[in-house]
Amino acid sequence: MRRVVFNQKGGVGKSTIACNLAAIGAARGRKTLVLDLDSQANASRYLLGKSLAEQRKTLAEFFDDILGYRLFPEALDAFIVPTQFANLAVAPANSRLDDLHGKLESRYKMYKLRESLDKLQGYDDIFIDTPPALNFFTRSALIAADTCLIPFDCDDFSRQALYALLDSVREIQGDHNRNLRIEGIVVNHYQARANLPGQLVEELRAEGLPVLDAFLSASIRIRESHHLAMPMVYLDEKHKLSREFAALYDLLRP
């Protein structure tokens, strides 16, 4: 199963959600890969910590191969790095992805990621983290994925951005990937005691939007998790947020 975590709005928790869901699956014995297509490399840093700086093969080099910059191109598995956590690997990002974006787009290489993933073997689940923009890398991820998860912050700005995002996903479905399915909207940073979050969720559901039932709470513990480069299931399995990630993962299983 290939899942892309996508939202054009920044700061909604794409990397955090992708990495923590991947960690849940890995902790349960499923061979899991996180593919980091965001030049900020937050997912890579979250899973690799300080060792990210030591990586010489990243997805920037992978896309160099796609552009024909190397005499002997390597398959995607050559750019995958094991993490310290059993069953969990990452194809790390690099800031140089920004430099490659325009060249890849102008040469219409959007199907190359899907072709490479079709050849990749050995993984039960693949989570694809994307940049906060509808660009070449995001389109490539949506073309390559089976399903799309959409993180959502409970505020009016996020709500307005959500409608444009859904239109973008439907366009990709129609033009490039008819098998792509919107798996659901993930409510993040949820504050149960505040009135607005609950109201917005109910309004979205009334509009027929696929809001998933497992909400992710706001917690300072997730910042500690980022700092320690340790997803919540490994940092504190019994924490409320860890249980929420597990409940969300259970909703997504086919």
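Nothing in this text is a laboratory measurement; each read-out follows from the coordinates by a stated rule. Here the structure is a predicted model, which means the values were calculated and not measured. Methodologically, a virtual Cβ is constructed for each residue, glycine included, from the backbone with ideal geometry; neighbour enumeration extends over all protein chains shown.
A DSSP coil position with no more than 15 other Cβ atoms inside 10 Å describes the following chymotrypsin sites (Phe, Trp or Tyr not before Pro) in the stretch 71-132: Tyr108, Tyr111. Just the Cα atoms of the stretch 213-254, one point each, no solvent: what log10 I(q)/I(0) does Debye give at q = 0.17 Å⁻¹? Reported log10 I(q)/I(0), two decimals: -0.44. Ordering Lys238, Lys103 by the number of other Cβ atoms within 10 Å of each residue's own Cβ, fewest first, gives Lys238, Lys103. Note on Met232, Met1, Met110: ascending count of other Cβ atoms within 10 Å places them as Met1, Met110, Met232, the fewest first. With contacts taken as Cα pairs under 8 Å and at least 6 residues apart, the chain reaches a relative contact order of 26 percent. Only beta bridges with both residues in the stretch 2-252 are counted; by DSSP, about 5 percent of them are antiparallel. Fully extending the segment from His226 to Ser95 would add 45.3 nm, taking 0.36 nm per residue of separation and subtracting the current Cα-Cα distance. Ordering Phe137, Phe245 by the number of other Cβ atoms within 10 Å of each residue's own Cβ, fewest first, gives Phe245, Phe137. When the alpha carbon coordinates of the chain are projected onto the principal axes, the ranges are 58, 39, 31 Å, largest first.
Here the stretch 116-254 is treated as an ellipsoid with the same Cα gyration tensor; its semi-axes, largest first and in whole Å, are 25, 22, 14.
Dividing the summed helix terms, -39500 (n - 2.57) for each DSSP H run of n ≥ 4, by the number of residues in the chain produces a 222 nm estimate of -13000 deg cm²/dmol to the nearest 500. Among the listed pairs Lys57/Lys112; Lys31/Lys240; Lys57/Lys119; Lys14/Lys119; Lys14/Lys240, those whose Cα-Cα separation exceeds 22 Å are Lys31/Lys240; Lys14/Lys119. Length gained on full extension, Gln199 to Ser106, computed as 0.36 nm times the residue gap minus the Cα-Cα distance: 29.2 nm.
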